Every structure is written in C-alpha cells, then in structure tokens.
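The values are calculated or read from the model by the stated rules, or taken from the named source; none is laboratory data. These figures come from a predicted structure and were not determined experimentally. Positions of Cβ are backbone-derived with ideal geometry, glycine not excepted, and every protein chain shown enters the neighbour counts. Accessible surface areas use protein heavy atoms only, side chains included; no ligands, DNA or RNA. Shrake-Rupley method; radii C 1.70, N 1.55, O 1.52, S 1.80 Å.
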Amino acid sequence: MITFIVRRLLLGLFTVWLISMLAFAIIQLPPGDFVDSYIANLAAGGASVSADEANAMRKLYGMGQPIYVQYGKWIVRVVAGDLGESMEWRRPVAEVIGDRIWLTLLLSFAALLVTWGLALPIGIFSAVRQYSVADYIFTLIGFIGIAVPNFLLALIILYAAFRYLGLSVGGLFSAEYALAPWTWDKVKDLSWHLPLPAMILALSGTAQLIRIMRANLLDELRKPYVVTARAKGLSEMRTILKYPVRAALNPFASNIAYLFPYLVSGSIIISIVLGLPTVGPLLVRALIAQDVYLGGAIVLLLGVLTVIGTFISDLVLMWVDPRLRHQMD
Amino acid sequence: MAEPILSVRDLHTEFVANEGIIRAVDGVSFDVFQGRTLGVVGESGCGKSVTARSILGIVERPGRVTGGQIILRPADGPPVDLLKLPAKAMRDIRGPEIALVFQEPMASFSQYYTIGNQIMEGIRLHLGLSRRAARDRAIELLDMVGVPQPSRRVDEYPFQLSGGLRQRVMIAMALSCDPRVLIADEPTTALDVTTQAQILDLLRDLQQKQGLALILITHDMGVIAEMAHDVAVMYLGRAVETGPVGEIFSAPRHPYTRALLRSIPTVLAKPRTRLPTIEGSIPHPSNRPTGCAYHPRCLEIIDERCRAQEPPETGAATTRIRCFLHGGAA
C-alpha cells in the first residue's frame, strides 16, 4: 500500500514537472523576449529603463542563453517562491495572486460542499422514489440547472437582488473590507458573501450530480445484497443508507479530481459577472494582456492543484474501497 | 404429525409490467414442519424464488403479494398471518423466525463491509447484543459452519473468500438469530460440484442439530432426492404436486413430475442415448395457457377439459395434486 502511495506521489511530481514545462512554454510564446516587451510596456506608460537595468534583467532571466538554461533559472526561482514579475500590474506575480488563490480554493470548496450537500440527498431520494411526483420535479429542476448557464443565473440574481431587495450581491467582501487586512470582522464579512456565489457556482454541478447519483443508486438498488439486507430485518432506511448508497458513493471519490479544475475554470465567467476576487478573471486578463509570467504562474498553480486533487482522490478511493486496498497487498 | 411451523395457503404474488399483470405466484400452498425439509422444485421462472421472497415479505416493486395466507406458528403465542403483520413486526420475523440463504453468495454480500460487520448487524439488531458479544457470536457461527480460522476471517471482506466459504458465511449469517425456518434459495447453484455436496451436507447437519424447518428451493431433482422429506413441484406459479419425497419419486402422478424425473441422468441409462427432455419451453407468465397451464407440453393430455378448465387441487392433506388424471372431474 505504501509503495502504491509513493508511486502515485512520484507520478504526481513527474506530472507537475511536465506542467511546469507547459507553463514555461506559455511564457516563451509571445515574440521577442520578456525584457523587450517589459521595457516597451514601461515606455508606453511614460517610464524608461536604463540600459544597465535592462542588461541586469536579461541576466536574471537568462535571456540569450539556451532554452534549457532559461527554464532552469526560471524553475529554480519558482521553487524558491519567486514567480516573476507581472507586466500589467508592475508587481511581483506572487503578490498579485496573493489571497486570490486561497479565495478561489475557498469558493470552490464551498461550491463543492453545496453540490454534495444538495445533490446526494436529492439523488438518493429520486432513486428510492423513482417516478414519483417529487422525482419528476427534481428531474425538471435538474435539467433546468444543467441547461441554464451559470453566468446567466448570476446576472438574474444580481438584477433581482438589486431591483427588489436593494442589495448589491457582487464580490466576496463589502467595500470597506475589500482591501483591509485580515481581521475577524473581515472573515465574518466573507462568510456573509460566500454562500450566494458558491450556490450559483454549484448549480450545474449539482444538477449533474443528482442525475449521476440517481442512476448509480438505481443500479445498486437492484443488486442481490440489498435483498440480503432486507432479509436480515433491517429497516428500509438503514438498508438503503448502509448498502446501496455506500456503493453508489464510490464513483464520487474518484470524481473529486475532475470536479476540482472544473469548479476553478467554471468560475471564471461567474467571477467576472459577480466581481469575485478569484484567480479566474486574473487569468483571463493576463492572457489578453500577454502578461506571461502571471499567466504562466496561474496555469502552473491550477495544474499543481489538479495533481494534488487527483492524489487526494486516490487516497480517498483507497480509503472507501476495500477491494482496491486489498488488491495492492 | 405435529402442526406445521409455516403454512402457505393459496399465495398469490403479482408483478405489474408493460405486458399486463404477471402472476408469478398463482395459488401456491404447502406446509413446512420442524426438523423437516421441504424441497421446492421447478424450472426457472416457475415462481420458486418469488415464493421465498413473498414469505419474507421482501418482494420488490412492482411486485406485490395479492392474496392468500402465510401462517407462522411461533414457539410462544398464537399463529400469525405474516401477510397481515405491520411492517415493523414483520422486520422482527426476518432473522429470528425466518431467514434466507441466497443463490449467489458473491452478489448477496456487500463488498464494502467485512463479513463480521454483515453478520453482526442482525445479531445486534434482533438479539440486542453489544458489539463485542455480537463479534464473539459471529466468530462462533463461522466456526459452526466450518470456516477455518474464524477469528481471523471475521475481519475479511467477501471478495477475499472462495465461493464455498462465502456460502458458508451466508449460512452463518442466516442462522445468526436462531431462526426456526430457513429458506435456502438455490444455495448451491453458483458452486462447483464438490463444494455443492459440502454445502448440502452442512445444511443437513445444521438442520438435524437445530431442528430447523428447511425450505430448499432448487431445480435439481438430485438435490431433492438427497435432501428433502417433502416435495412441492411448481409449474408456472403453482404447486402442481406435493407429497412425501418417497412417494413422489417412486410413484409420481402428475405428468410434469414424471417428465422431470425422466430427465434426470442415471448411470443405468444406455450409453449414447439422448437424455429425455420436456418438449417445448415454459410459456412466459404473461401469456399463461388456458386451462391447465401445463397442457401444451403435456404428453398425457386427456381431452378438451385440460385446455379449457383449470384442474382443482385434490388429494389428501399431505399429498395434493392438480391434474384431471387424478380426480377433479367437474
């Protein structure tokens, strides 16, 4: 079992390495070197860079040297925590991303909780009461949820909240806390703002998950072991929750990994619409502005997070599926 | 003879399907006695398994029991009709009074819990034992059914056991709450021949030790000959002939029973002769033939009456038959 975990870990590291090369490739994509465009960018803004400064920068980034040397210099700096300079923001990339990555994670995690919290009970109910009126209603809502784009729903809610309740529901913070340092009050403010975007973000995932849970459980409900449980005299509730639901949950453990990047990338448009301080809008702007180090850093971060998600998903799967655990011994 | 522990009378179980109502069990009656084995035999689809499930009240939707009586005579207290029991009381019957051993030991266990967990569940629920006491009992049960190293096996998962061991564990689980009636639904079908013999030996052994009333459901006449005291031969949801095993085998009366017995291979048969089979196949229950359901395949069909009229059940209390050849002339 430990060899399996170690192997997975090494494989994950290898994947991260490949992703880092991809991120570096993105950085290298625009014509000309970074320093040229940096200087051009500064010049456009009215500032100027001396030849000495430009040379110092070229040396720092290893310009003019073979590509692998450049990559080597870059990756060493990245590992040390220096993600380079954002051209557009004229600040270090690490500073620009800053809290946003954590807020993104928080929002995704909240959306995941909402998704599971709603989808699993509804999916179970729909399967157990297949073809009941409630099942049809949930099915209808589910299809609407799949069909309506998240951002449209976000717009409608924004409009309705403003028009009828006089509320501005955008953002993750009230104006007075947005730039304030972290305090308990700011955390409280965040916890007020978090549920709505989390719910909007969770909608389509929830709708899909209801369908998946329902289908999985319908399969499991027909298996002989359910009859065995009933024949033992267990109550219907306990029978269903202990046996078929347990089996139907298994695929979810393996889905964590796929859900995660979906939530991050799925949140881009919503984040723009709702003005959320997450990395999604930052990535879009970085790509439009050819802000290479910022874009590369975000791609790298998302890639690493996905790998971590996959690893966690492997561990969870191993934990929930005894067959998997024993195959490896 | 003593009173039967369990009497099934005119049991009807129907399934609502697109083709209409399917009568899976259509008027089955039989008695089960303490310390005796009732063999229920018939081809696939004749309603054997549905009968078993009907007795336990676990017929799945869209099926439901629509008529008849299932009288259980508990050790203490008056007889009860299981079909009239409320759901909660019926759950207390499953396990401590009547237990079921299933056909496929692999699919009938959940792969997500240890066998100990699955055995202990019923013990804790019905006998109210503590976790530790239930575990001790589970180990005892595993030992009783011949699982080697029971204290280690109790923590294993079903997929770690062989088919034969799994079926032993299934029997241990069924016996965990000391039931008085054990229904074994094709308990050996999924096993290889040597294991089959071992499991049957085990069942017989346990029955003698514990005085169980055993209902053995099978399609194998050989198993019936070896195990059963009484036999109910089922065809299309009905018991067409019931009686003591000796009489059924030495003097079968219903043409269907005779046909079934003819189709058992014997060592006395001439080499390279065809094994007799029953002509035709079982009609789908949704289009049951008129009259006697067996008439399209019957070699001894008498006349129009067989096609038009349902033969009534006739005969003595222990030997009943549904055939115009043997009474029931209207």
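Order A:313-319, B:70-76, B:219-225 from most to least packed using the mean count of other Cβ atoms within 10 Å. Please report the intermediate quantities before stating the final value.
Values: A:313-319: 16.9, B:70-76: 14.6, B:219-225: 18.4.
Most protected by this proxy first, the peptides run B:219-225, A:313-319, B:70-76.
Can you tell me how chain B classifies by the Cα gyration tensor, rounded, prolate or oblate, using a/c under 1.5 as the rounded cut?
Numbers: a/c = 1.95, a/b = 1.53, b/c = 1.27.
Prolate shape, in that a/c is at least 1.5 and a/b is the bigger ratio.
Suppose we look only past 14 Å in the calculated P(r) of the stretch A:77-129. What percent of the Cα-Cα pairs does that tail hold?
Working: 944 of 1378 pairs.
Percentage above 14 Å: 69.
Might you report the magnitude of the Cβ-based charge dipole of the stretch A:99-279 about its Cα centre, with Lys and Arg at +1 and Asp and Glu at -1, to the nearest 20 debye? Could you put the intermediate results ahead of the total?
Numbers: 14 positive and 8 negative charges, 152 e Å.
For this selection, approximately 720 debye.
Counting partner chain Cβ atoms within 10 Å of every residue's Cβ in B:149-162, what's the average?
Numbers: counts 0, 0, 0, 0, 0, 0, 0, 2, 4, 3, 4, 3, 0, 0.
Per-residue shielding by partner chains comes out at 1.
Dipole of the stretch B:18-125 (Lys/Arg Cβ +1, Asp/Glu Cβ -1, origin at the Cα centre): which of B:GLY57, B:PHE33, B:ILE21 lies farthest to the positive side?
Of the options given, the answer is B:GLY57.
With charges set only on the Cβ (+1 for Lys and Arg, -1 for Asp and Glu), what does the dipole of chain A come to about its Cα centre, in debye to the nearest 20? Please list the in-between numbers first.
On the way: 25 positive and 20 negative charges, 286 e Å.
Once rounded to the nearest 20, the dipole reads 1380 debye.
Working from the alpha-carbon coordinates of chain A, get Rg over Rh, Rh being the Kirkwood radius.
Here the Rg-to-Rh quotient is 1.06.
What relative contact order, as a whole-number percentage, does chain B give when Cα pairs under 8 Å and 6 or more residues apart are counted? Mind dumping the intermediate values first?
Details: 620 pairs, mean separation 67.1, N = 330.
Averaging sequence separation for qualifying contacts and normalising by length gives 20 percent for chain B.
Just checking the output field for A:221-227: average partner chain Cβ neighbours within 10 Å of each residue's Cβ? Present the calculation step by step, with values, prior to reporting the outcome.
On the way: counts 1, 1, 3, 9, 12, 4, 11.
Whole-number average of other-chain Cβ neighbours for A:221-227 is 6.
Take each complete run of DSSP H in chain A, measure how far its Cα atoms stretch along the helix's own axis, and keep only those covering 24 Å or more with mean Kyte-Doolittle hydropathy at least -0.5; list them.
Details: long enough: A:2-28 (39 Å, 1.91); A:93-128 (51 Å, 1.69); A:195-221 (35 Å, 0.85); A:244-274 (41 Å, 1.31); A:292-320 (41 Å, 2.15).
Counting only whole DSSP H runs, the qualifying helices are A:2-28, A:93-128, A:195-221, A:244-274, A:292-320.
When the helix-only estimate is applied to chain A (DSSP H runs of n ≥ 4, each -39,500 (n - 2.57), divided by the residue count), what is the mean residue ellipticity at 222 nm, nearest 500 deg cm²/dmol?
On the way: 16 runs with 260 residues, N = 329.
Mean residue ellipticity, 222 nm, calculated: -26500 deg cm²/dmol.
So, with +1 on the Cβ of K and R and -1 on the Cβ of D and E, and no other charges, what is the size of the charge dipole of the stretch A:189-329 about its Cα centre, to the nearest 20 debye? Kindly include the intermediate steps, with their values, before the conclusion.
Details: 12 positive and 8 negative charges, 152 e Å.
Dipole about the Cα centre, nearest 20: 740 debye.
Arranged from highest to lowest average of other beta-carbon atoms within 10 Å per residue, in what order do the peptides A:216-226, A:147-157, B:88-98 appear?
Numbers: A:216-226: 18.1, A:147-157: 15.5, B:88-98: 19.6.
Averaged packing, sorted descending, gives the order B:88-98, A:216-226, A:147-157.
Taking the C-alpha atoms of the stretch B:63-147, how large are the radius of gyration and the largest Cα-Cα span, Dmax, in Å?
Every Cα atom of the stretch B:63-147 included, Rg and Dmax give 15.6, 43 Å.
Report, in deg cm²/dmol and to the nearest 500, the calculated mean residue ellipticity at 222 nm for chain B, where each DSSP H run with n ≥ 4 adds -39500 (n - 2.57) and the sum is divided by the residue count. It would help to have the intermediate numbers written out before the result.
On the way: 11 runs with 98 residues, N = 330.
Estimated from H runs of four or more residues: -8500 deg cm²/dmol.
If only Cα atoms are counted, what is the Rg of the stretch A:99-279, and what is its Dmax, in Å?
Here Rg and the maximum Cα pair distance are 19.3, 62 Å.
I'd like the mean, over residues of B:103-116, of how many other protein chain beta carbons sit within 10 Å of each residue's own Cβ. All intermediate terms of the calculation are to be shown ahead of the outcome.
On the way: counts 1, 2, 2, 2, 5, 8, 5, 12, 7, 11, 5, 1, 0, 0.
Neighbouring Cβ atoms belonging to other protein chains average 4 per residue here.
Kindly report, to the nearest 10 Å², the accessible surface of B:THR266 as traced by a 1.4 Å probe over protein heavy atoms only.
80
Quick one: what Rg and Dmax do you get for the stretch B:183-330 from the alpha carbons, in Å?
When restricted to Cα atoms, the stretch B:183-330 yields Rg and Dmax of 16.9, 51 Å.
Among A:LEU194, B:THR242, B:LEU11, whose Cα sits farthest toward the positive end of the charge dipole of the protein assembly as shown (+1 at Cβ of Lys/Arg, -1 at Cβ of Asp/Glu, about the Cα centre)?
Result: B:THR242, furthest along the dipole toward the positive end.
Return the Cα extents of the stretch A:88-194 along principal axes one, two and three, sorted largest first, each rounded to a whole Å.
Projected onto the principal axes, the Cα atoms of the stretch A:88-194 cover 58, 32, 31 Å.
Pop out the Kirkwood hydrodynamic radius of the stretch B:1-67 from its pairwise C-alpha distances, inverse of mean 1/r, in Å to one decimal. Please list the in-between numbers first.
Details: mean 1/r = 0.0784 Å⁻¹.
Computed over the stretch B:1-67, the radius equals 12.8 Å.
Could you work out the per residue convex hull volume over the alpha carbons of the protein assembly as shown, in cubic angstrom? If you can, show how the numbers build up before the last one.
Numbers: hull volume 163.6 nm³, N = 659.
Each residue corresponds to 248 Å³ of Cα convex hull volume.
What residue among A:MET237, A:VAL273, A:PHE125 has its Cα farthest toward the positive end of the dipole of the stretch A:99-279, where the charges are +1 on Lys, Arg and -1 on Asp, Glu, each on the Cβ?
Positive-end residue among those listed: A:MET237.
So what is Rg over Rh here for the stretch A:120-176, counting just Cα atoms and using Kirkwood for Rh? Please report the intermediate quantities before stating the final value.
Values: Rg = 16.4 Å, Rh = 13.8 Å.
Radius of gyration over Kirkwood radius for the stretch A:120-176 works out to 1.19.
Antiparallel as a % of all DSSP beta bridges within the protein assembly as shown, to the nearest 5?
Working: 32 of 51 bridges.
Taking every DSSP beta bridge within the protein assembly as shown, about 65 percent pair in antiparallel fashion.
Taking every pair of Cα atoms in the stretch B:1-112, average 1/r, invert it to obtain the Kirkwood radius, and report Rg/Rh to two decimals.
On the way: Rg = 14.7 Å, Rh = 15.2 Å.
Here the Rg-to-Rh quotient is 0.97.
List the chymotrypsin sites (Phe, Trp or Tyr not before Pro) in the stretch B:43-131 that DSSP assigns to loop (not H, G, I, E or B) and whose Cβ has at most 12 other Cβ atoms within 10 Å. Which are they?
Within the stretch B:43-131, no chymotrypsin sites (Phe, Trp or Tyr not before Pro) qualify (loop, at most 12 other Cβ atoms within 10 Å).
Order the following by accessible area, largest value first: A:LEU305, A:LEU165. Probe radius 1.4 Å; ligands, DNA and RNA are ignored.
Values: A:LEU305 35, A:LEU165 125 Å².
Putting A:LEU305, A:LEU165 in descending order of accessible area: A:LEU165, A:LEU305.
Using alpha-carbon positions, what is the distance between the centroids of the stretch A:179-194 and the stretch A:55-91, in Å?
So the separation of the two Cα centres works out to 35 Å.
For the protein assembly as shown: lysine pairs with Cα atoms under 19 Å, gap of 8 or more or different chains, count?
Number of lysine pairs found: 7.
Nearest 10 degrees is fine. How inclined is helix B:193-210 to the longest principal axis of chain B, computing both from alpha carbons?
Its long axis makes an angle of about 80 degrees.
Pick out, in residue order, every one of the chymotrypsin sites (Phe, Trp or Tyr not before Pro) in the stretch A:64-137 that is DSSP loop and has at most 13 other C-beta atoms within 10 Å; say none if there are none. List each step's numbers first, then the result.
Numbers: sites: A:TYR68, A:TYR71, A:TRP74, A:TRP89, A:TRP102, A:PHE109, A:TRP116, A:PHE125, A:TYR131, A:TYR136; in loops: A:TRP89, A:TYR131.
Passing both the DSSP loop test and the Cβ count: A:TYR131.
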